[in-house]
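The values are calculated or read from the model by the stated rules, or taken from the named source; none is laboratory data. It should be emphasised that the depicted structure is a prediction, and the values quoted were computed from it without experimental measurement. Backbone-built Cβ (ideal geometry, glycine too); neighbour counts: all protein chains shown.
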Amino acid sequence: MRKIVTTLFLLACAVAVAPAARAQSLLFDYVGFDYESPNPNPGTFGELGSGYVGLGTVPNLFGPLVTNVVANEYTYVMSGMTPTGIVPVGPFLIINYTPGTIEIYEDSRSLGTAADYGVSPPNAQAPSSFTDGTQVLVGSLTSFQFVVDTANGTGSFEAVFNVTGGSQLANFPLNQRAGWTFAGSSGNALNIPAGYAHQIDGQTFLDEPVTTHRTTWGRVKAGAR
Amino acid sequence: MTPRALATTAKGTTIMKRWTTLAMCAAMLLVSAPQSHAAAGPVIDWDPAYMWQPGGAFNNLPAGGIQRMVGTVSGFGAPLAFLNANIPAREYTFVADSMVSLGTVTFGPPSTQIYQTDYTGGVIRLYEDVSPDAVFAAFPPNPQVPSTFEDGGAPLLVGYFTRYTVTTNNFTAFQTGSIEGDINWVGGTLLPYFQTIGGAVCPGLFTGGATWNTAPNVGIPGYLFRHDGKIDLQCPTPTSTSTWGRLKQIYR
């Protein structure tokens, strides 16, 4: 009997942690550009010793974030990641990074400062015009991995995302703070400001909370009989 | 000193030539330097688009296979910023089809393989519909897909892909890659907005991340990829004709 209960318990645990078919919900969508700072070798992207910085606007945000995109401009800054390893594969590089963060700021369109990329970042406008206003969300980014075609900058990145702070942290139930982010990159765009590496378009998902319900040992046993 | 250099040592000639060289260099810089304008946002942004290709898999899109996509627009930027994608009474959708695979090329060892598939052909059309009904129904084509994405009348824009590339891999934890292409716009009621002063039409750059993650609310059965992307206009840097006289005036 104990074996059956133990088996059931382990099975329940396995179902709870299995990531494969977990439902997701879109949290926000972002568009911007990236650059490296520090940038020990300006001719190379993802070199050891460099720091990855992405910044841009967040045109679409969803619950549990509470937002007003008409009155406010939402911006993001991704930073803190530095390469730990680079694997060349054909014309591509697989670049793995140390953990970093993504922050989202809310700034009044009428009273705040409009986001401005400027050129050759960091500069007087960037990232400062992306970090003014209220910091509504902070998330950690781990397992950040960039795959990029060295010929044209076309590629993608992804990371594990966890909500860790910001003025709206309380909107996120404890069992709904984990998720992931991914984005496409391109070096082919003609609108990339001087000094930036790629154009970025990405989105971040939250894992749906794991549903639980109360039961009794009697019911568990009954189900196994 | 070379004979050519010696020939320029007479004082007047040297100054004149220096002026000319300086002006020429300045003109070249003016023509080729990137404009210091604020970075333009995407002209069309979507979230999401979904692609399907009968017989295809994320790691093998066989030659001859035809990829199609449908998508819903989430935002517009200049020169289409007058369109509002977020009013409930209206929806903006797009459909692309006829992208023919040239076969998948695999790079790397078994543990870190990257798959790149180039396509030829392909046409994309943007629609406006005053009776929103687009639905990403599973297993396309079906009664809703692509029909609910291409109703609403004449397309606002029509363009041909001149490049379309799908890049995937077998090692990313969340199954992510990219899909990118170039578009030559050829028609639609809004085509004039993409024309430069000289009349040339700015091409489009189709970019974004793609995922073949099948988690609920990310993937949809019957589709190969979810794409989060946008289109940017690739307008040439503006130039204007001038005379040497005008150019010299600038530096006096």
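Inside the range B:124-146, residues that are of a type outside the set (Asp, Glu) and crowded, with 16+ Cβ neighbours inside 10 Å make up a count of 12.
If you go through the range B:64-96 and keep only what is more than 17 Å from B:Asp129 (Cα to Cα), in a loop (DSSP other than H, G, I, E, B) and more than 18 Å from the chain's Cα centre (by Cα), you end up with B:Gly64, B:Gly65.
Could you tell me whether the range B:99-113 includes any residue that is in a strand (DSSP E or B), at positive phi and modelled with pLDDT of 95 or more? Write out each step before concluding.
Just the residues of the range B:99-113 that are in a strand (DSSP E or B), to begin with: B:99-107.
Next, from what is left, pick out any that are at positive phi: B:103.
From what's left, modelled with pLDDT of 95 or more: B:103.
Scanning the range B:99-113, I find at least one residue that is in a strand (DSSP E or B), at positive phi and modelled with pLDDT of 95 or more, so the answer is yes.
The residues of the range B:161-188 that are in contact with a helix residue (DSSP H, G or I) (Cβ under 6 Å, 6 or more places away or on another chain) and farther than 24 Å from B:Leu80 by Cβ amount to a single one, B:Phe171. Would you mind telling me which numbered condition in (1) touching a strand residue (DSSP E or B) at 6+ places or on another chain (Cβ under 8 Å); (2) surrounded by fewer than 17 Cβ atoms within 10 Å (Cβ to Cβ) B:Ile179 fails? Unmet condition: (2). Scanning the range B:181-216 for residues that are in a loop (DSSP other than H, G, I, E, B) and over 16 Å from the mean Cα position of the chain (by Cα) returns B:Gly188, B:Thr189, B:Leu190, B:Thr196, B:Ile197, B:Gly198, B:Gly199, B:Ala200, B:Trp212, B:Asn213, B:Thr214, B:Ala215. Suppose the filter is over 10 Å from the mean Cα position of the chain (by Cα), more than 10 Å from every other protein chain (Cβ to nearest Cβ) and not hydroxyl-bearing (Ser, Thr, Tyr); does A:Pro173 pass it? Spelling it out, A:Pro173 is indeed over 10 Å from the mean Cα position of the chain (by Cα), more than 10 Å from every other protein chain (Cβ to nearest Cβ) and not hydroxyl-bearing (Ser, Thr, Tyr). Taken over the range A:149-170, the criterion of being at the interface with chain B (Cβ under 8 Å from one of its Cβ atoms) and more than 15 Å from the chain's Cα centre (by Cα) is satisfied by A:Asp149, A:Thr154, A:Gly155. Taken over the range B:164-182, the criterion of being facing chain A (nearest Cβ under 9 Å), in contact with an Asp or Glu (Cβ under 9 Å, 6 or more places away or on another chain) and not β-branched (Val, Ile, Thr) is satisfied by B:Ala173, B:Phe174, B:Gln175, B:Ser178.
For the range B:154-174, the criterion of being closer than 17 Å to B:Gly56 by Cβ and not in a strand (DSSP E or B) is met by at least one residue.
Restricting attention to the range A:192-208 and to residues that are among the small types (Gly, Ala, Ser) and surrounded by fewer than 21 Cβ atoms within 10 Å (Cβ to Cβ), the residue that is nearest to the other protein chains (Cβ to nearest Cβ) turns out to be A:Ala194.
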